[in-house]
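One structure is given below, encoded as structure tokens.
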Amino acid sequence: MPLFQSRAGRWPLAFAIVALAACSNEPVSPTLPSAPRPNADIADPLTVANANDDGIGSLRWVLRYAAPGETVRFDPGLAGQTISLDSVLIIEKSVTIEGPATKGITLSGQGTHRVVYIKVPAPVTLRNLSITGGATQSVEVGAAIITGPDATELLLENIAVYGNTAGIGVVIYGGQIKLINSTVSGNGTLSAITSEYGAVHGKRVEVINSTVSNNGGNGVGAFTGGLLLKNSIIANNPKHNCAQLAITPLTREGANISDDETCGGPAEIMIGDPEIGPLADNGGPSMTHALLVGSPAINAGVSCGLTTDQRYVPRDAQCDIGAYEFTTPTSVTLTIDGGVAVNQSNGWAVVTGTVTCSRNESFSVAVQLEQQQKSGKTKTTVDAAAIVPVDCATTPRPWIASMILTSGEFTTGTALAKAQTVYTPKWVTPTGAESAVKLYWARR
């Protein structure tokens, strides 16, 4: 692995409270608290109270007093704010740092230094954060996040990592790295010749319902610990989407999309343009790439297991691939006209109606017409069906269906007409209509 250098942070002072016996001839041993913490009446030691780089209530200050296994959260009033770090943020304990789920928290290296250095060889979770403005020089890696040489377990959930510049294009680097509902996008490299590492690279890397796109060199990669892709988009990374596959065991689960064959062939991965929008604030704690209408990622996930996306928007039973769940399907309104013309010569009928969509679409409408007829004590059913193509728009457009009889003939009277959308794109919400209609003889 490449060597990296750390920058010293501020370290907490050691405090001790000594309790002395006042009425005993024997001295009482001092009591040393295991983790000296500020008075809870003055400040919650696990809640970040301001966006300062350091000092009471800052993120650095809270991290000094957090015990291993604890979760550091932020005052809700800080949602959407940026903490501009004057030096790298060093994490030396197994903690979770969780921003507000509404608008998150941004940690910025201000374009001058690495953003986060995780030194503890134990699990660390970063959630609902944006990591940006990280920078490393020469051949340094981990402009946004780097872990120590031990196999640190780093979990990134509902995270956006963007706008970081690494010497050789590696913005997240470490041991065991797992991305869930996260986006790594728009990160660059100082050199036109990038390394064989990915923008996300570690001993083992797992990418689950995440999007890694538009980075300066490679997308994702791993050493001998292996690379796992599950229901993720790894695309638009100009060198390779998946790096170092010659030495990296690659596991694919669910369904994944790439626009080259470096993550696998067409029998192993969906290859093509994922059709995603620019990195933008689409709601939630961090920025995402929205799926565009027509994206092959829509409803293409397999065995997802996640109930929400990066924005905490509920996922469908068949989730979308990537960090973003498409939530603006095309809605359709069908109407059926109340009068149906019947040809007297052959008893065929023509059913009409209108179709309206929330955006322009093309699909078909299946139409069925059913009439109950009685001759003496005998009851029969005459029915017919047809499928007609339609071009749908935001204003009502007519459709006409010449019904093909299966038996018998229609006659004047009442009948039941049904219409149903068919052959719709997967981003179009199916719909139908049903109405009693009156059959009349058409003019000869």
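Odds and ends about this structure:
- Among the residues of the range 76-106, just one is of a type in the set (Asp, Glu) and either part of a strand (DSSP E or B) or touching a strand residue (DSSP E or B) at 6+ places or on another chain (Cβ under 6 Å) (or both), namely 98.
- Count of the range 214-253 residues which are buried (at least 24 other Cβ atoms within 10 Å of the Cβ) and either out of contact with any Lys or Arg (no Cβ under 6 Å at 6 or more places or on another chain) or not assigned by TED's automatic domain parsing to the domain that holds residue 173 (or both): 14
- Tally, over the range 254-273, of residues that are within 19 Å of the chain's Cα centre (by Cα), among the small types (Gly, Ala, Ser) and assigned to a loop (DSSP other than H, G, I, E, B): 3
- Number of the condition not met by residue 112 [criteria: (1) part of a strand (DSSP E or B); (2) in contact (Cβ under 8 Å) with a residue 24 or more places away in the chain]: (2)
- For the range 259-280, filtering for residues that are surrounded by fewer than 13 Cβ atoms within 10 Å (Cβ to Cβ) and either in contact with a Gly (Cβ under 9 Å, 6 or more places away or on another chain) or not small (Gly, Ala, Ser) (or both) leaves 2.
- Among the residues of the range 317-342, those identified as out of contact with any Asp or Glu (no Cβ under 7 Å at 6 or more places or on another chain) and in a loop (DSSP other than H, G, I, E, B) are 317, 318, 320, 321, 322, 327, 328, 329, 331, 337, 338.
- Members of the range 163-204 found to be in a loop (DSSP other than H, G, I, E, B) and either basic (Lys, Arg) or at pLDDT below 85 (or both), listed by number: 167, 168, 169, 190, 191, 192, 193, 194, 195, 196, 197
- The set of residues from the range 358-383 being surrounded by 14 or more Cβ atoms within 10 Å (Cβ to Cβ), out of contact with any Lys or Arg (no Cβ under 9 Å at 6 or more places or on another chain) and either of a type outside the set (Val, Ile, Thr) or in a loop (DSSP other than H, G, I, E, B) (or both) comprises 358, 359, 361, 363, 364, 371, 383.
- Members of the range 55-81 that are under 25 Å from the mean Cα position of the chain (by Cα) and crowded, with 16+ Cβ neighbours inside 10 Å: 72, 73, 74, 78, 79, 81
- Taken together, the residues in the range 316-357 that are surrounded by 19 or more Cβ atoms within 10 Å (Cβ to Cβ) and not hydroxyl-bearing (Ser, Thr, Tyr) amount to 18.
- Just one of the listed residues (351, 302) is of a type in the set (A, V, I, L, M) and within 30 Å of residue 382 (Cα to Cα), namely 351.
- Reported count of residues in the range 312-331, each being within 26 Å of residue 355 (Cα to Cα) and touching a strand residue (DSSP E or B) at 6+ places or on another chain (Cβ under 6 Å), is 2.
- For the residues 439, 416, the requirement of being closer than 18 Å to residue 380 by Cα, at pLDDT 95 or above, touching an Asp or Glu at 6+ places or on another chain (Cβ under 7 Å) and surrounded by 14 or more Cβ atoms within 10 Å (Cβ to Cβ) singles out 416.
- Some residue of the range 243-252 being within 13 Å of the chain's Cα centre (by Cα) and assigned to a strand (DSSP E or B): no
The values are calculated or read from the model by the stated rules, or taken from the named source; none is laboratory data. From a predicted model like this one, the values you see are computed outputs, not experimental measurements. With ideal geometry, Cβ positions are generated from the backbone for all residues, glycine too; neighbour counts draw on all protein chains shown.
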